[in-house]
Each structure stands twice: as C-alpha cells, then as structure tokens.
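Taking it in order: structure first as structure tokens, then the write-up.
What follows draws every value from the coordinates through simple rules; no lab data is involved. Because the structure is predicted, anything quoted here is derived from the model rather than measured. Positions of Cβ are backbone-derived with ideal geometry, glycine not excepted, and every protein chain shown enters the neighbour counts.
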Amino acid sequence: KISSPKKIVRVVSEFYDLKEKEVFERSRKKEVVKPRQVIMFLLREDLKYSFPAIGRLFKGKDHTTAIHAYKKIQRECLSDENVAEEVSLIRRKLQSL
C-alpha cells in the first residue's frame, strides 16, 4: 500500500525542492503550481481521494481545481516523457518509504 497524503506532500515537495507549506499557499508560480498538481494527481490516482476531499486538503480549493490538476498531469504524463519520468520517480520514492 503506498502512502498517506502527508507522505505524498512530503515526497513531492522534496522532489521539487520546496517547503511542504509552499504547496498549500495560494501561489500561482509555476515552480509551485506543478508540484501542487502532481500531489493532487497522486492523491486521486493512488489514494483514490475524491476531488472534493482533495480540494479540502488544499485550504478549501474548489473540487474543479483538483479535477483540472488531475487531468492536466494525466495528459502531460502521456505527452511529455519528462513529466512521466518525474511522476514515476516520485512513486518509486513513495514505495520505498
């Protein structure tokens, strides 16, 4: 069994060299947005969290934000091998914890 939301947040934040609290801030900087979207994607894909539950984890973001993040990372995994590789490295790291 992989992990908890806390673990996902920690591993993704470390991977992208951010402080954990940064992914929960309202920043729209791309250095923060992408890791946040990856976290939302993994919460949905690997922990089967509902979109509203994901939104609540991120200080009450709307569930449509979580849907957007999920679909975007899903698309990018298919179209951009760098993103696919990043997600797979993050998953490997999660499984080794």
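Among the candidates K93, K59, single out the residue that is under 23 Å from E14 (Cβ atoms) and touching a residue at least 60 places away in the same chain (Cβ under 8 Å).
Result: K93 is the single residue among K93, K59 that is under 23 Å from E14 (Cβ atoms) and touching a residue at least 60 places away in the same chain (Cβ under 8 Å).
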Considering every residue within the stretch 5-15, establish whether at least one is touching a residue at least 12 places away in the same chain (Cβ under 8 Å), charged (D, E, K, R) and closer than 19 Å to R75 by Cα. no
